[in-house]
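Worksheet: one structure, shown below.
The values are calculated or read from the model by the stated rules, or taken from the named source; none is laboratory data. Note that the structure is predicted; figures quoted are calculated from it, not measured. Glycine also receives a Cβ, built like all others from the backbone with ideal geometry; neighbour counts cover every protein chain displayed.
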Amino acid sequence: MTATCAQCELCALTVEPVYRDDRLAVILVDDPAYPGFCRVIWHAHVKEMSDLAPADRLALNDAVWHVELALRAVMAPDKINLASLGNMVPHVHWHVIPRFADDAQFPNPVWAAAVRQTDAAVLAARRALSPQLTAEIVRRMSK
């Protein structure tokens, strides 16, 4: 299926993207524990990467790469996690997540049980980087 699907939360995107073009969108995820968490979402309702044409796969991978570079440049995380699961929402999208040694689940996945609590001031400082991150994503994606 390549059209939109009314039941799909990624087809009916309610969050204003930080970047959008004719094939994909990049959003900042509203996750208080993970400032900078981004999703790169393919517009067409496609279930698997292998359903995309080669040029589209390259465009999507290039977008994920640019978002990762933007996160590294602005937030200087200890690690970037990339995930494309689609078990809950079978619509091609990538999670691009900056990880820090002090985050609640590190070194485990962000979906694991918390092993600590990140200092609120640290999270606030990371959230304050959103305007710079948005500008850097737009700059890199617009090249």
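General observations
- Applying the criterion of being without any contact (Cβ under 8 Å) to a residue 24 or more places away in the chain and buried (at least 20 other Cβ atoms within 10 Å of the Cβ) to the residues of the stretch 1-46, the residue that is nearest to Asp78 (Cα to Cα) is Ile27.
- Verdict on Met141 being at pLDDT 95 or above and either loosely packed, with under 14 Cβ neighbours inside 10 Å or within 17 Å of the chain's Cα centre (by Cα) (or both): yes
- Selection count where residues are touching a Lys or Arg at 6+ places or on another chain (Cβ under 7 Å) and either among the basic types (Lys, Arg) or under 17 Å from Pro35 (Cβ atoms) (or both), scope the stretch 46-95: 8
- Subset of the stretch 47-92 [surrounded by 19 or more Cβ atoms within 10 Å (Cβ to Cβ), in a loop (DSSP other than H, G, I, E, B) and hydrophobic (A, V, I, L, M, F, W, C)]: Leu52, Val92
- Whichever residue in the stretch 107-134 is in a loop (DSSP other than H, G, I, E, B) and buried (at least 18 other Cβ atoms within 10 Å of the Cβ) and, among such residues, is modelled with the lowest pLDDT: Val110
- The sole residue among Arg116, Arg127 that is closer than 12 Å to Leu28 by Cβ and among the basic types (Lys, Arg) is Arg127.
- Filtering the stretch 1-32 to residues that are modelled with pLDDT of 95 or more, among the hydrophobic types (A, V, I, L, M, F, W, C) and in a loop (DSSP other than H, G, I, E, B) leaves Val18, Val29.
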